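What follows is one structure encoded as structure tokens, with my remarks underneath.
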Amino acid sequence: MQLADGVATTTLTLPPDTRALSMSFIGADGRTDDNGGEDYHSGALFPYIGPFLTPGSDGGLSTRVTVTWETDRRCKGVVLYGDDPEHLDRQAVGTRPDTIHHVELADLRPGATVHYRVTECGTGRRSEVHAFHTIADDATTLDVAVLADMQDKGTPQSRWGEIARHVAQAHGEVDLVLAPGDLAADDEPRFWWLFFDRARDLLASTPLVPAVGNHDTPGRQSNPDDSSFLRYFPVPRTPGAGGVYATRAGPLVVLTLNSEVPSELHPGGAQYRWVEQQLADTRGDRWVFAQWHVPPFNAGGRFARVQDDTRPVTALFDGRVDWVFTGHEHLYQRTLPLRAGRRAARYGRGDEDGVGYIVAPTAGDRIFDTLAPLTEPSRSLLGFPTVGNLRRVEGEHGYLVVHIDGPDIGIRSWGMGRTPGQPATVVDEIAYRREE
């Protein structure tokens, strides 16, 4: 490094397959300059992060969708979009200069295909043209992918990129991606970049509905600081409850909660009160899912001890919520239908029916196979895996796909083995018609 007139310069030779450069600087006094925790970076690809899609400011996906991306330069972001990929005749401009851009497309036609690209002011750099489709409010069919605990660390064992590419290629019918937490390996810019970079194709064409997990906040324990999560995801802000919002997509309503503040999920808490109001306002003919990170029913050996932290809010769900999706344990589990925490006759909304609770498999991070001791009551509530007296099961990486068609629903859990390159197979499946 050369120093002249108080300015230090150096030349870096980068590998030809470099995708991005992230930097921080250490001065002679030993102090680190990491740009206020956001690092200094430059992307060989444009944009540095994204673009990716989230619901509009109204929580819907019918006429509004938000496009997010990150650039090297601070400026107002611009989205060019239209019906014809060769003629993007409309544009939307960000409200203020920044490096992270959240630009809402607010004049879309329900059920239409939209082509778009993002640009960087002053440089002429443009992304490739991507496409997505809006979801009409009166749509009766919907396909949803559920992916959790990606936590890509940039190692050969991390499989998030492989799984994201597979979902994009093998399940092109998917309209929406739910992500119940732990998207990043840790709350650091390099790990957020890995999450977004590995899934560029999937997230540029399919709206993402994320929940905050413990690895998405500072440290690895529960932490109410969701500032990084909210920096990347322009989700609607619920007073007194960060990272908590409702999404409407055709026949489905998704309630996204924040298990990093578990006290709010107890009676009187901000999230508990919010759920009460949302369920009171939701039409009875819609399917209703809830998602958050830490499971309220969990037979896994790592975190069964904390399931009571998030369980109180489930008292509101009987007869009103269909399925709950969580993560955290890195071991796929599906409960039997539960009502008031006990086994019910079947899945559904009837007086004797119960809610289904699913712990999603890890979509790329370390797999855990150990179950809680035989004395753990949640073991008797499992519909999958069927474990008997076993303490270990053969877990694997994977994801879920949910298909809704009017009153019918089908849920498939896909496994992709334990090592890179293994094919996807269905490991669990449930289908039924909801009787009102």
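The values are calculated or read from the model by the stated rules, or taken from the named source; none is laboratory data. In this text, all values refer to a predicted model and were calculated from it rather than measured experimentally. Cβ sites come from the backbone with ideal geometry, for glycine too, and all protein chains shown count toward neighbours.
Taken over the range 56-105, the residue count meeting the criterion of being assigned to a strand (DSSP E or B), of a type in the set (G, A, S) and touching an Asp or Glu at 6+ places or on another chain (Cβ under 6 Å) is 1. Quick check, is R366 under 27 Å from N258 (Cβ atoms), basic (K, R), under 19 Å from the mean Cα position of the chain (by Cα) and assigned to a loop (DSSP other than H, G, I, E, B)? Yes. Taking the criterion of being touching a His at 6+ places or on another chain (Cβ under 9 Å) and either part of a strand (DSSP E or B) or modelled with pLDDT under 95 (or both), the residues of the range 323-363 that qualify are T326, V359, T362. Being over 21 Å from the mean Cα position of the chain (by Cα) and at pLDDT 95 or above is a property that does not hold for A290. Inside the range 129-159, residues that are touching a Ser or Thr at 6+ places or on another chain (Cβ under 9 Å), over 26 Å from L108 (Cα atoms) and crowded, with 20+ Cβ neighbours inside 10 Å make up a count of 6. Checked against the criteria, V294 does not count as buried (at least 19 other Cβ atoms within 10 Å of the Cβ) and not in a loop (DSSP other than H, G, I, E, B).
Which condition from (1) closer than 21 Å to Q157 by Cα; (2) surrounded by 19 or more Cβ atoms within 10 Å (Cβ to Cβ); (3) modelled with pLDDT under 95 is the one that E188 breaks? All conditions are met except number (2).
A quick yes/no check of all residues on (1) of a type in the set (S, T, N, Q); (2) part of a loop (DSSP other than H, G, I, E, B):
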| site | (1), (2) |
| --- | --- |
| Q169 | yes, no |
| V174 | no, yes |
| V177 | no, no |
| D187 | no, yes |
| F191 | no, no |
| D197 | no, no |
| L202 | no, no |
| P218 | no, yes |
| N223 | yes, yes |
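Residue check: is R248 of a type in the set (K, R), at pLDDT 95 or above and over 23 Å from T63 (Cβ atoms)? When the stated conditions are applied, R248 does not pass them.
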